[in-house]
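The values are calculated or read from the model by the stated rules, or taken from the named source; none is laboratory data. This one's a predicted model, so the numbers in the text were calculated from it and none came from an experiment. Because the Cβ atoms are built from the backbone with ideal geometry, glycine has one as well, and the counts that use them run over all protein chains shown. Note: areas computed on protein heavy atoms with side chains; ligands, DNA, RNA excluded. Shrake-Rupley method; radii C 1.70, N 1.55, O 1.52, S 1.80 Å.
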Amino acid sequence: MDTEFKSFFDAAPPLRDSLDVSRKVKEFIDQNSQLSGKGRPIRVVCVTSGGTTVPLEQRCVRYIDNFSSGHRGAVSTEYFLKAGYAVIFLYRRGTCQPYCSFLPEDSLLECFDLTEESNVQARPQHTEALKRAIRDHHAAVEEGLLLKLPFTTIFEYLQILQIVAISMRGLGSHGIFYLAAAVSDFYVPWESMEEHKIQSATGPLDMRLAPVPKMLLVLREVWAPTAFCISFKLETDQNILLKKAHMALRKYNMHVVVANELSTRKEEVIVVTSDEEITVHRENQVEEVEKPLIDLLVQKHSAYIEQSKHDSSN
């Protein structure tokens with residue numbers, strides 16, 4: 001492992017319930033490594049979703065955050081499940097969940113009424129969507145195709161991702177990483193962090209942030225070297241977006257980089273590979289841009305699996 005990354009993990013606070021996380025991931029992968037009814041291994045995707053926080057104190061009161069709502073990861077999980085994948089959903093606590101992205105912010109208050117008999121019933125305008133969401137969610141969980149793993153901090157995220165990636169190594173080309181989480185670029189090293197709440201009476205706050213080690217290359221080369229890897233590049237300046245996407249593709253040896261510009265990210269994305277750029281548009285106002293995006297990525301993953309079979313037979 002890269003020295004910088006080893007130092008990060010050595011200094012990070014221990015992951016709570018790490019053994020439980022490892023057990024859940026192993027059981028999930030073992031269950032979904034068997035042949036499906038169609039006679040082929042089920043494909044497993046790790047979808048990362050939401051943003052990581054950077055604690056400013058060990059007994060954290062304050063932290064640095066980003067705006068990520070987790071919408072893309074949650075909706076993409078639904079489409080991966082529809083495409084026949086088993087999904088490990090690594091998500092930020094409190095962000096969007098699969099099958100709930102259509103709900104208004106005050107979901108319980110907006111979607112349900114209290115009858116005269118003090119029973120709770122769905123409002124007519126939400127009934128069909130709620131039925132569909134409940135049915136699809138329960139089906140995914142009961143069939144063992146959806147495993148949810150929450151994180152909050154940058155430390156938790158990278159530790160859990162490492163567990164998942166190493167556990168998925170045995171899946172070979174049938175494993176896929178869809179890295180939609182907004183990962184912090186800088187953090188406060190644990191050993192240099194204040195233990196207790198920083199007191200405002202001490203005056204201006206002067207704090208040195210260290211760069212978070214780039215895990216993409218470690219993921220590709222060490223943790224899960226034969227998995228199909230998709231990362232994301234978000235920019236506010238359209239003029240540098242594709243340049244940065246191609247740079248990430250080469251630097252981290254990604255199979256695909258999904259480039260999205262902040263103001264148009266819900267309407268279109270650009271799928272960047274080593275030999276092409278494909279603009280994916282939202283097809284209508286009912287289905288999100290994630291539908292054609294996942295359709296395209298499933299095609300590319302299938303081609304990758306076939307190429308891997310061909311390479312191994314030669």
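The helices (runs of 4 or more DSSP H) found entirely in segment 2-89 that carry 2 or more residues being modelled with pLDDT of 95 or more and of a type in the set (Gly, Ala, Ser) are 71-82.
The residue of segment 114-128 that is nearest to the chain's Cα centre (by Cα), among those that are surrounded by 11 or more Cβ atoms within 10 Å (Cβ to Cβ) and without any contact (Cβ under 8 Å) to a residue 12 or more places away in the chain, is THR127. Can we say THR273 is free of Cβ contacts under 8 Å to residues at least 12 places away in the same chain, surrounded by 12 or more Cβ atoms within 10 Å (Cβ to Cβ) and either under 26 Å from VAL222 (Cβ atoms) or not small (Gly, Ala, Ser) (or both)? Criteria not met by THR273. Among the residues of segment 173-189, are any under 30 Å from ASP311 (Cβ atoms) and surrounded by fewer than 21 Cβ atoms within 10 Å (Cβ to Cβ)? Yes, segment 173-189 has at least one match. Of the residues making up segment 48-68, at least one is under 24 Å from ALA224 (Cβ atoms), touching a residue at least 40 places away in the same chain (Cβ under 8 Å) and open to solvent by 10 Å² or more (accessible area, probe 1.4 Å). Just to be sure, is TYR157 within 26 Å of LYS300 (Cβ to Cβ) and among the hydroxyl-bearing types (Ser, Thr, Tyr)? Against the criterion (within 26 Å of LYS300 (Cβ to Cβ) and among the hydroxyl-bearing types (Ser, Thr, Tyr)), TYR157 qualifies. Within segment 91-104, if we keep just the residues that are more than 15 Å from VAL141 (Cα to Cα) and in contact with a helix residue (DSSP H, G or I) (Cβ under 6 Å, 6 or more places away or on another chain), the residue that is most open to solvent (accessible area, probe 1.4 Å) turns out to be PHE102.
Being farther than 16 Å from LEU90 by Cα, open to solvent by 30 Å² or more (accessible area, probe 1.4 Å) and free of Cβ contacts under 8 Å to residues at least 40 places away in the same chain: is that true of LYS197 here? Talk me through it step by step, then tell me what you get.
Numbers: farther than 16 Å from LEU90 by Cα: yes; open to solvent by 30 Å² or more (accessible area, probe 1.4 Å): yes; free of Cβ contacts under 8 Å to residues at least 40 places away in the same chain: no.
When the stated conditions are applied, LYS197 does not pass them.
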